[in-house]
1. List the lysines whose Cα lies under 21 Å from the Cα of Lys213, skipping any in the same chain that are fewer than 8 positions away.
2. What translational D, rounded to a whole number of µm²/s, comes out for the chain from Stokes-Einstein when the hydrodynamic radius is the Kirkwood one over Cα pairs, at 25 °C and 0.890 mPa s?
3. Using the membrane-span-like helix rule (whole DSSP H runs, Cα extent along the own axis of at least 30 Å, mean Kyte-Doolittle hydropathy at least 0.0), which helices of the chain qualify?
4. Just the Cα atoms of segment 265-397: what Rg and Dmax do they give in Å?
5. Suppose we keep just the DSSP beta bridges with both residues in segment 285-443; what percent of those would be antiparallel, to 5?
6. Scaled to the compact-protein estimate 2.2 N^0.38 Å, what is the alpha-carbon radius of gyration of segment 210-261, rounded to two decimal places?
7. For the chain, what is the mean residue ellipticity at 222 nm derived from helices alone (per DSSP H run of n ≥ 4: -39500 (n - 2.57); sum divided by total residues; nearest 500 deg cm²/dmol)?
8. Can you put Phe121, Phe201, Phe327 in order of Cβ neighbours within 10 angstrom, beginning with the fewest?
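No lab work stands behind these numbers, since they all come straight from the coordinates. All figures in this text were calculated on a predicted structure; none of them were measured in a lab. Virtual Cβ from ideal backbone geometry, glycine too; neighbours counted across all protein chains shown.
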Amino acid sequence: MAQPTYQYLVQVPGRLSGLRPDPPDVSIVVQYRPRFENLSAKSTNIAWMDARAELEHVIRHLAEIDNRGSATPGEHEAALWLSDRFEEHGCKVSVDSAPAHGTYWWPMGISAGIGLVGALFGLARKRIIGFLLGCISVGSLIDDVASGPRVLRRYLLPKRTCWNTVATTGDLTAETTVVIIAHHDAPHTGKIFDQSAQKWFAGRFPGVLAKIKTAPPLYWPVIAGPILVALGNLTGSKKLIRLGAVASGVSGAVFLDVGMSPVNQGANDNLSGVAGLVWVARALNENPVQGVKVILASCGSEESFQEGIAAFMAKYSSDLPTRSTYFVNLETVGSPQLLLLEGEGPIVMRDYEKGFKDFVEGVARSKGISLTRGNRARTTTDSLITSRRGYPTATFTSVNSWKALSNYHMLSDTPDNLSWDTVFDAALLAEQIVRSLADYAGL
């Protein structure tokens, strides 16, 4: 029995792209013959169970690779295995290497340590040196966490190699390009990632938690330490210097603990997103699209502050005009509630381009996929790099009932603890964004 074909409307903002000069807002009718006639009854749907088997195979296999930390042999092994999977689904594939430092705890910890040394000089009445070291510490911390020139990494710290797997599918001659990204490296754990306090707060103050849409600025206290050191040395206040010393010392200890803690399996962060890339490759191989070129980029070294995506952009951005290229980031999509982030920024919050977010929300609504908006992240994702370059970017992530990424950077981040419905919804939504943009490009 043939499956029915459904129609739905998606409102396309005129500012979505430069496909036409000053394009007006339009509504497009998208026709789609779904694999899943009853998305609300996935658990008994044989086709959905097949899709889950595909997603689960990718996640469980990669989770078993020993130590997929940034710029490690495990990251390389994952990149090669993914290359084979993409080729099986008809993609043209390249495994790219690039220099990477591979950590964030060393550059951040050293930078915090410089602030602590500045405090010691200040307390020894060598305030000019203390002030200069405090300023250097502030600049170095901001430079690293906000993906600046990264002077410390570039010139002073050792290098390893990171590995990106880049697969191309869809209409290879099309002007419009959709780049769907995820990362296959896994994070180090650490005591700082314990969620007990956040879970307690959610139980004690649920009304307050419901109103919080932006995560706390976790890196502000880190930067506050050397700022206090610099101000204390400038004003001669030993109280400020001591406060800065304590804050810088605590920050350094936290980064040291992360560096010494084991790497987890990274099922939610971010094999849940990587599996979505493989799913899209399979879906587009089985049911091809015209009018859109699709690049599926599984990057390495995201956990060392976006070194993999930076290498990807350095190699490919010259062939990706901002007027006709869209980025979709599948980032930690294995918690119960799927989110479309409004923006991100560890220091200064920067929203993503609004028109593309509205478009994506319309696609989700048309497919009956629950997608929550209004939230902003203070941690960094690969979207920090793409949106800064001027590309329309949609970033999917997910949270649990206390608004945390489930098992984030914890040893409990295993395949058995994933919300599989959310993993699939994110993958399906990424596919449908491609198909909707293909319909728009064909107008």
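1. Lys199, Lys354, Lys357, Lys403
2. Translational D for this selection: 108 µm²/s.
3. 238-260, 420-441
4. 14.5, 43
5. In segment 285-443, approximately 45 percent of DSSP beta bridges are antiparallel ones.
6. 1.40
7. -14500 deg cm²/dmol
8. Working: Phe121 20, Phe201 15, Phe327 26.
In increasing order of surrounding Cβ atoms, one gets Phe201, Phe121, Phe327.
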